[in-house]
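A.B. asks: Take this structure first; my questions come after.
The values are calculated or read from the model by the stated rules, or taken from the named source; none is laboratory data. It should be emphasised that the depicted structure is a prediction, and the values quoted were computed from it without experimental measurement. Glycine also receives a Cβ, built like all others from the backbone with ideal geometry; neighbour counts cover every protein chain displayed. To get the accessible areas, we keep the full protein, side chains included, count just its heavy atoms, and leave off ligands, DNA and RNA. Shrake-Rupley method; radii C 1.70, N 1.55, O 1.52, S 1.80 Å.
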Amino acid sequence: MLDFELLRAFVAVADCGGFHRAAERLNLTQSTISQQIKRLELETKRPLFRRTTRSVALTDDGEMLLGDARRLLQLEEAARHRLAAPRLSGTVRLGVVEEVAGGSLPSALSRFAALHPGVKLEVQIGVSAPLIEQLNAGRLDVVFAKRPLGTSKGRLVWREALVWVAADTFDFVPGVVLPLALYRERSVSREAALAALQDGDLTWEIVFTSPSLTGLRAAALAGLAITPLPASAVIAGLRILGAAEGLPRLPDLEFAIYEKARPDKAAAALAAALQTLAQGPSRPTI
């Protein structure tokens, strides 16, 4: 029987695209992850990854194992929680960014509610910086948000590309003032976009602001402006822009879980449930 810890390391490397990021996710050293993968390859008698100096990719055997590994880990997690989950009660105040709330959050909350029916949830959707401030002020218990650029606080869940997008019909004309749609409040995406543009030669103007991802995407779809979005938020009617249009590269987004200094058992259990989203396949479309 395959060791669940080895499977967990295998899935983490596959999802993160490398040993270093997998080690960060699982709070292990890179050498430990490497050893676990070697043990799994010995047990399966199959090479599971193709390694180069720059990348790690699944082999055909690794691709076949990945689906089974995910299902086994999900079954193991469900069984473990059913047997060991404490009887929790109380209210947990959760703050979450729209990028998560509109994607994989509902399934995680559904599983949590089934395991802990005595816990009430209060969910607030907002922008990362204000949500983290509310957590620090004691008005929220758990926050799932984009990690501010240049910081390492919070528990990393996944990384995702931040990309420039515009409507399929948007007429990008070099030399013309670039219209931007950005978050109205302080936002990781807004700060990343402005920092990237200030380092370049493009002339730009903010023509549309919104407090929500939905509003920004609507502006882009209407052809009013270009906007920076997570790759998973790109939908039909939008196209990705980049170096070909003279736009600067944007940094990856990091989604992380933040907890108050001394979380109660219900808040800690919710944070753990949200962490399992990292074990899913690629991020669902928002």
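A.B. asks: Straight-line reach from K153: which aspartates and glutamates have Cα under 14 Å away, leaving out those fewer than 8 places along the same chain?
C.D. replies: E24, E133, E254, E259
A.B. asks: Determine ³J(HN,Hα), in whole Hz, for all residues of the stretch 92-103 in sequence, where each value follows from phi through the Karplus function 6.51 cos²θ - 1.76 cosθ + 1.60 and θ = phi - 60°; x replaces Gly and Pro.
C.D. replies: Karplus values, whole Hz, x for Gly and Pro: 10, 9, 10, x, 8, 7, 4, 4, 8, 4, x, x.
A.B. asks: Check which residues have an amide H placed less than 5 Å from S212's amide H, if you skip close sequence neighbours.
C.D. replies: For S212, whose amide H was placed from the backbone, the distant partners under 5 Å are R184.
A.B. asks: Right, here's the next one. Taking semi-axes √(5λ) of the Cα gyration tensor in Å as the quantity of interest, determine which of (i) 31, 23, 20; (ii) 33, 22, 17; (iii) 35, 26, 16 was computed from the displayed structure.
C.D. replies: (iii)
A.B. asks: Now a separate question. So, for the chain, what is the accessible surface per residue at a probe of 1.4 Å, expressed in square angstrom?
C.D. replies: Per-residue accessible area for the chain comes out at 51 Å².
A.B. asks: Among L131, M1, G103, whose Cα sits farthest toward the positive end of the charge dipole of the stretch 1-134 (+1 at Cβ of Lys/Arg, -1 at Cβ of Asp/Glu, about the Cα centre)?
C.D. replies: Positive-end residue among those listed: M1.
A.B. asks: I've got another one for you. Do the sum for the chain: with -39,500 (n - 2.57) for every DSSP H run of n ≥ 4, divided by all residues, what is the mean residue ellipticity at 222 nm, to the nearest 500 deg cm²/dmol?
C.D. replies: Helix contribution divided over all residues of the chain: -12500 deg cm²/dmol.
A.B. asks: Near K265, which lysines are there with a Cα under 17 Å away, not counting those fewer than 8 places off in the same chain?
C.D. replies: Within the straight-line limit of under 17 Å, K265 reaches these lysines: K120.
A.B. asks: Continuing with this model, one more query. Please compute, for the alpha-carbon atoms of the stretch 112-216, the extent along each of the three principal axes and give them in descending order in Å.
C.D. replies: Computed over the Cα atoms, the extents are 59, 29, 23 Å.
A.B. asks: Same structure, new question: Could you give the dipole magnitude of the chain about its Cα centre, charging the beta-carbon of Lys and Arg +1 and that of Asp and Glu -1, in debye to the nearest 20?
C.D. replies: Taking the Cα centre of the chain as origin, the dipole is about 940 debye.
A.B. asks: If you don't mind, there's one more thing I want to ask. Would you mind telling me which residue in G95, G62, G150 has the biggest mean-square fluctuation in a Gaussian network model of the chain, where springs connect alpha carbons within a distance under 10 angstrom?
C.D. replies: Ranking G95, G62, G150 by mean-square fluctuation puts G150 first.
A.B. asks: At a 1.4 Å probe, what is the % contribution of carbon and sulfur to the accessible area of the stretch 83-168?
C.D. replies: The computed percentage sits at 53.
A.B. asks: Quick one: among A272, A101, A233, which has the greatest mean-square fluctuation in a GNM of the chain with alpha-carbon springs under 10 angstrom?
C.D. replies: A272
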